[in-house]
Amino acid sequence: MQKLQTLSGVLLLAFAPLISNIHPVIAQQNLANCQQPNVGEYLLLVLSPTPENQKQLRAALPTEQKTVVCKYTNQIVTRVGGFTNIDDAKRLARYIQNIVGLSATITTRPTEPVTQLPQTIPNTQTPKITYNPKILGEGYAILVDYFNRPEMVSSLRNAVGGDVGFVSYGQRPYLLAVYTTNQKEAYNTLKKLSETGFVAILADGRKVVLLRSIVR
């Protein structure tokens, strides 16, 4: 990672990136430079160079969360703003990294104006992230509302005794606990999760879009 040029009073937290190379077509888009954060605001910059990255990110975020695709140091990012508490920003940054698989940077500025955003986003290259959404198909999907709490992934994995996925249902993101064609298995899993405190629902697999088969 190249050395960051530090701006006085600016906080920059970089989370270990899982990023893809910039798509040549997207890199040519005439995007505006990202707007600076307001005084006292914590801003997330999510490296999302392709339309697939951007679509996946929008599907994972709450519908009321405002996002803007813009340029930052000649890289294409999604600007997610509106945080007044750094802990909230950090939780969402970890969630984006763990659930969506994209790197996120948090930045803010002090009460005194600064002339520009921090200089760089980490540019470590890792294997390309694949995005291949598909309908689960006929069967039963047990979905869990995780309330933007990434730590719930681990407890849900322990509860079902295996990997969990990430899906979109009714234009909202959920964790996928189980997908099966066995009605009894589906209802047993639903009952077990509900009894252990999870907010779980049973959905028609034909209406559920699989975004990631395994959430790490």
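The table for this structure:
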| item | result |
| --- | --- |
| Residue identified as modelled with pLDDT of 55 or more, within 15 Å of T108 (Cα to Cα), touching a strand residue (DSSP E or B) at 6+ places or on another chain (Cβ under 9 Å) and not in a strand (DSSP E or B) among Q29, Q35, Q54 | Q35 |
| Of residues in the range 166-180 being part of a strand (DSSP E or B) and touching a residue at least 60 places away in the same chain (Cβ under 8 Å), the one most open to solvent (accessible area, probe 1.4 Å) | R172 |
| In the range 180-204, the residues that are at pLDDT 90 or above and either under 22 Å from the mean Cα position of the chain (by Cα) or not hydroxyl-bearing (S, T, Y) (or both) | N182, E185 |
| Some residue of the range 129-145 being over 17 Å from the mean Cα position of the chain (by Cα), at negative phi and at pLDDT below 85 | no |
| Answer residue from the range 182-216, given it is under 15 Å from Y140 (Cα atoms) and in contact with an Asp or Glu (Cβ under 7 Å, 6 or more places away or on another chain) and is most open to solvent (accessible area, probe 1.4 Å) among those | R206 |
| Members of the range 157-179 that are at pLDDT below 90 and touching a strand residue (DSSP E or B) at 6+ places or on another chain (Cβ under 6 Å) | S168, Y169, Y174 |
| Verdict on S20 being of a type in the set (S, T, N, Q), open to solvent by 20 Å² or more (accessible area, probe 1.4 Å) and modelled with pLDDT under 85 | no |
| Residue match in the range 68-87 (condition: within 29 Å of V164 (Cα to Cα) and open to solvent by 60 Å² or more (accessible area, probe 1.4 Å)) | yes |
| Criterion: farther than 19 Å from P37 by Cα and modelled with pLDDT of 80 or more - qualifying residue of N98, N85, N123 | N98 |
| Output for the range 136-165, where each listed residue is among the aromatic types (F, W, Y) and surrounded by 13 or more Cβ atoms within 10 Å (Cβ to Cβ) | Y140, Y146 |
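The values are calculated or read from the model by the stated rules, or taken from the named source; none is laboratory data. All values derive from a computational prediction rather than experimental measurement. FYI the Cβ positions are ideal-geometry reconstructions off the backbone, even for glycines, and counts take in every protein chain you see. The area values use the complete protein model at the heavy-atom level, side chains included, leaving out ligands, DNA and RNA. Shrake-Rupley method; radii C 1.70, N 1.55, O 1.52, S 1.80 Å.
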